[in-house]
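Structure record follows, encoded as structure tokens.
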Amino acid sequence: MLNDALKDYHIILASGSPRRQAFFENLGLNFEIRLKPTKEIYPPELTRFEISNYLAELKALPFESELKPNDILITSDTIVWHANKALGKPVDENDAFNILQALSNQTHEVITSVCFTSATFKKTIYNITKVTFKPLTKEEIEYYIATYKPFDKAGAYGIQDWIGQIGVTKIEGSYFNVMGLPTHLVYETLNAMVKSA
């Protein structure tokens, strides 16, 4: 359905995430995956969605000079915000343990920003989901890290994994946003872009 509306456009997804790629396939989109390395460093004064917005837009910069008139480049970034700081991807097992221990028996925010860039415009959206974990035991955290190795995930967990199934007691907002893409907003934004073109 959306793919028909976008038949005159070339969608470029700049993400190596298998989950985001699967979301685009499930939305019925034809798209190309194009990757360029980006150092994910942001100004220290930024908070919450300002961080994910900045990083999503930063990831678009290396592509901008090569975009053709019918290209729509989509870049994205997800952070976990807890106790007034951003929790990124863990650097090792000890870091992952400390992150999950901090999230245990607490509510945190998962914030995903998506940047849409063409040769003539740029639009960035974001979505916030609140996630609550039950008290996680030391054994549960250690088992999860050893079995699932969540080192490529912001906040050291995937909600679709075992830890989400046994540990998450409440979600306020989009489940898919926690997985890494607010699919409903991507769908709405692409539809709006086509109609306004």
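Compared with the direct C-alpha span, the chain from LYS39 to ILE171 gains 44.4 nm at full extension, assuming 0.36 nm per residue. Taking Cα centre as origin and charging only the Cβ of basic (Lys, Arg, +1) and acidic (Asp, Glu, -1) residues, the dipole magnitude of region 2-196 rounds to 220 debye. Taken over the alpha carbons of region 90-156 as equal point scatterers, the Debye sum produces base-10 log I(q)/I(0) values at 0.14, 0.29 Å⁻¹ of -0.53, -1.25. Which lysines, on any chain, are close to LYS149 with Cα under 17 Å apart, when same-chain ones fewer than 8 places away are left out? Counting by Cα, and skipping residues close in sequence, LYS149 has these lysines nearby: LYS89, LYS138. Average 1/r across all pairs of distinct alpha carbons in the chain, invert it, and you get the Kirkwood radius: 17.5 Å.
Using C-alpha pairs under 8 Å with a sequence gap of at least 6, the mean separation divided by the residue count of the chain gives a relative contact order of 21 percent.
Exposure here means at most 13 other Cβ atoms within 10 Å; with trypsin sites (Lys or Arg not before Pro) in a DSSP loop as sites, the longest stretch of the chain lacking them is 40-197.
If R₀ is 25 angstrom, what is the calculated FRET efficiency for the pair TYR148 and ASN84, using the beta carbon separation as r and rounding to 0.05? Taking R0 as 25 Å, the efficiency between TYR148 and ASN84 is 0.35.
Values quoted throughout were computed directly from the atomic coordinates according to the rules given, and no laboratory measurement underlies them. Predicted model only: the values in this text are computed from it and were never measured. Cβ: placed from backbone, ideal geometry, glycine included. Neighbour counts: every protein chain shown.
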